[in-house]
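Read the structure below first, then the notes.
The values are calculated or read from the model by the stated rules, or taken from the named source; none is laboratory data. Quantities reported herein were computed from a predicted structural model and do not represent experimental measurements. Note: ideal-geometry Cβ built from the backbone for every residue, glycine included; neighbour counts use all protein chains shown.
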Amino acid sequence: MSLLTVEGVWKNYHHHSVLRGIDLEVAPHEVVCLIGASGSGKSTLLRCVNLLESIDDGAIYLDGSEITDVRIDPDDVRKRIGMVFQSYNLFPHMTVLDNVTLAPRKVHKVRPEQAEAEARELLARFGLADKAGEYPDRLSGGQQQRVAIVRSLATQPRLLLLDEVTSALDPTLVTEVLSVIRELKDAGMTMIIATHEMSFARDIADAVCFLEGGVLLEHGSPEQIFTAPEHPRTRGFLQRVLDAGRL
Amino acid sequence: MTGGEASPGAPTPSDDSAASVAPEVPTGSDGPVASATSEGPAASAAASEGSAVPPALAEWTKSDRQIRREADLRRRARRSTSVATASTIVVATVLIVGVTASPGWPRVQETFFSPSQFVDAFPDVWRGFLLNVKIFLIAEPLILIVGLVVALVRTLRSPVFFPLRAVAVFYTDIFRGIPTILLIYLFGFGIPALALQGAPSDPVTLGIIGLVLSYGAYVAEVFRSGIESVHPSQRAAARSLALSHGQTMRYVVVPQAARRVIPPLLNDFVSLQKDTALVAVLGPLEALRQASIHAAETFNYTPYMCAALVFIALTVPMARLTDHLAARTARRQMAGGHL
């Protein structure tokens, strides 16, 4: 059974449709990369999946139950989904350790000592052991984004959503974040990744989805999408990426 | 990177051994200049990695151009200092001469600046001022609580809270619109007139209620602007971690907002310190009331100057602290910090 099912999802903003009937299935341990130009709806789709945005039509199911049902508590859904943002969104007034332990302590009611021990273990796993006491503005962009990933992992989510997590980073810092994501894939994490890093998508994805104008135009294996795209628009997009020297 | 880049003396031993016997002397030898250019790219590469090693400063000797530039800057600074001093002296002289040479000055001096009257009134005014301080110390925390609660109520989005939200909006609109002195009259004479059982009748308490409700409305708006200044992405991050609205406010939004509104809050408190004198209209013997009693006995206004002085003694340090905190916040924002 699939872990996440997106069924005919529409999202409108002021008479303008950002998502136009999206269908998507994500199996457990699968890594799905969403590609497409800025404004194609990748970020909006991720925000709809963890209910930061309400949808205007369709339904989303997590573990077989509908999460877009208005009668359920969105916080119960978000407890099972982690999200990492393009601009890190760390809490600037808290240390790295407090950023990571906040949700386990306050939402999942983990004892503070246990939350701290688990957080330190995760930070150490991603090479951030010595940064636990630092404030976010003392860290590099790559370190901040790794902390944001650790923060989203600390609640042991079933599904991780990554929204262009390397777009705000200096090219030399991209690799350290991508290698963290690769490690998560090896550990079996189910992920949906909106990305502009085509070579990374090709390398890590089990499936690649091409979005344009709020429509999921093509969904296939990375080999198929990147070497033999069926849709002319997918070909056009990849050609532009290639021309820009980004593939 | 190697340790050599960090220590200033190290990079040039091979050059120096060939060029000169004394590597420490920079004048005329090509050694330091050549090593500076060859080390340049390596040093900047090390810095861009984000490591804590700054490029070595010791290799830099000021060029003649920079020495000339600094001399020009010093000359200009000296000139502006002398202009400022001269203009200050001129303005002060004109003011002092203008005031003291006016025909009524001897009378003004006697009526407002009489040393004997000052000495006479000061103990009573000072005793009254302690009541002002007490009113301030009681009102301030209450104002903070009222302001924060009202601001938080206004952030609630659920339709269930519509009545609460409406009350909060109504409160801030009405109470910001009514002059504080009017509110103090209203509560000071209105509440006792109701003759309710258990309602306070002490004028100080009633005055404090008036001040708290008036200032609470201002402070609520200050808090609200602080809350709205926290970027929505902070809220999105907190909600994505499954924190509830309340938890998001408590742990993420309000702590950041509170830091940002400290300077405007202190500004409101400077204003509150002097507005404690408005409670005088209800009759308690605070500084202004004491001063007017003295003035009424002697037809001399020096006691008012005495009251003005004690208020200034409290508000000026507070105003300086506000400026200091505002400057610190600005510096942090310039430095790219978030707080």
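Per-residue answers, yes or no, for (1) among the small types (Gly, Ala, Ser); (2) touching a residue at least 60 places away in the same chain (Cβ under 8 Å):
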residue	(1), (2)
B:244	yes, no
B:257	yes, no
B:264	no, no
B:274	no, no
B:279	no, yes
B:285	no, yes
B:291	yes, yes
B:314	no, yes
B:317	no, no
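Residue check: is residue A:201 more than 30 Å from residue A:76 (Cβ to Cβ) and buried (at least 21 other Cβ atoms within 10 Å of the Cβ)? Let's see the steps before the verdict.
Values: more than 30 Å from residue A:76 (Cβ to Cβ): yes; buried (at least 21 other Cβ atoms within 10 Å of the Cβ): yes.
Taking the combined requirement at face value, the residue satisfies it.
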### Query
How many residues does region A:39-50 contain that are outside any helix (DSSP H, G or I), of a type in the set (Gly, Ala, Ser) and closer than 23 Å to residue B:235 by Cα?
2
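Being over 12 Å from residue A:68 (Cβ atoms), part of a strand (DSSP E or B) and not basic (Lys, Arg) is the filter here, so list the residues in region A:5-27 that pass it.
Restricting attention to region A:5-27, the residues satisfying the condition of being over 12 Å from residue A:68 (Cβ atoms) are A:12-27.
When the remaining residues are screened for being part of a strand (DSSP E or B), the result is A:12-13, A:16-26.
Scanning region A:5-27 gives A:12, A:13, A:16, A:17, A:18, A:19, A:21, A:22, A:23, A:24, A:25, A:26.
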### Task
Please verify whether region B:170-177 includes one or more residues that are over 26 Å from residue B:273 (Cβ atoms) and either of a type in the set (A, V, I, L, M, F, W, C) or surrounded by fewer than 14 Cβ atoms within 10 Å (Cβ to Cβ) (or both).
yes
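Can you name every one of the helices (runs of 4 or more DSSP H) wholly within region B:218-298 that holds 2 or more residues which are among the basic types (Lys, Arg) and at pLDDT 90 or above?
B:232-240
This table checks each residue for (1) surrounded by fewer than 22 Cβ atoms within 10 Å (Cβ to Cβ); (2) assigned to a helix (DSSP H, G or I); (3) at pLDDT 95 or above.
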residue	(1), (2), (3)
A:178	yes, yes, no
A:182	yes, yes, no
A:196	yes, no, no
A:209	no, no, yes
A:226	yes, yes, no
### Message
Take the residues in region B:191-215 that are outside any helix (DSSP H, G or I) and within 15 Å of residue B:139 (Cβ to Cβ); name whichever of them is nearest to the other protein chains (Cβ to nearest Cβ).
### Response
B:200
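Does residue B:286 count as of a type in the set (Asp, Glu), away from every other protein chain (no Cβ under 14 Å) and crowded, with 20+ Cβ neighbours inside 10 Å? Write out each step before concluding.
Working: of a type in the set (Asp, Glu): yes; away from every other protein chain (no Cβ under 14 Å): yes; crowded, with 20+ Cβ neighbours inside 10 Å: yes.
It is true that residue B:286 is of a type in the set (Asp, Glu), away from every other protein chain (no Cβ under 14 Å) and crowded, with 20+ Cβ neighbours inside 10 Å.
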### Query
Looking at (1) surrounded by 14 or more Cβ atoms within 10 Å (Cβ to Cβ); (2) under 30 Å from residue B:272 (Cβ atoms), can you tell me which one residue B:114 breaks?
(2)
### Task
Read through the list (1) touching a helix residue (DSSP H, G or I) at 6+ places or on another chain (Cβ under 9 Å); (2) loosely packed, with under 15 Cβ neighbours inside 10 Å, then give the number of the only condition that residue B:166 fails.
(1)
#### Entry: Among the candidates B:73, B:152, B:95, residue that is under 24 Å from residue B:208 (Cα atoms) and in a helix (DSSP H, G or I)
B:152
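Sort out for me the helices (runs of 4 or more DSSP H) sitting completely within region A:51-165 that have 2 or more residues that are within 13 Å of another protein chain (Cβ to nearest Cβ), over 21 Å from the mean Cα position of the chain (by Cα) and surrounded by fewer than 22 Cβ atoms within 10 Å (Cβ to Cβ).
Values: elements: A:74-78, A:96-106, A:112-125, A:141-153.
Helices (runs of 4 or more DSSP H) meeting the threshold: A:96-106.
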### Summary
residue A:91 passes all but one of the listed conditions (1) modelled with pLDDT of 95 or more; (2) out of contact with any Pro (no Cβ under 9 Å at 6 or more places or on another chain); the exception is number (2)
### Task
Please name all residue pairs, on different chains or six or more residues apart, with Cβ atoms under 6 Å, provided the first residue is in region B:215-231 and is on the phi > 0 side of the Ramachandran plot and the second residue is assigned to a helix (DSSP H, G or I).
none
### Query
If you check every pair at least six apart or on different chains, which have Cβ atoms under 6 Å apart with a residue in region B:97-110 that is under 15 Å from residue B:301 (Cβ atoms) first and a residue that is of a type in the set (Phe, Trp, Tyr) and not in a loop (DSSP other than H, G, I, E, B) second?
none
### Query
Do we have any residue at all in region B:177-190 that's over 15 Å from residue B:217 (Cβ atoms), among the aliphatic types (A, V, I, L, M) and not in a helix (DSSP H, G or I)?
no
## Note on the structure
For region A:11-37, the count of residues that are in contact (Cβ under 8 Å) with a residue 40 or more places away in the chain and of a type in the set (Ser, Thr, Tyr) equals 1
### Query
If you take the residues in region B:216-250 that are buried (at least 21 other Cβ atoms within 10 Å of the Cβ) and either basic (Lys, Arg) or within 7 Å of another protein chain (Cβ to nearest Cβ) (or both), which one is nearest to residue B:154 (Cα to Cα)?
B:224
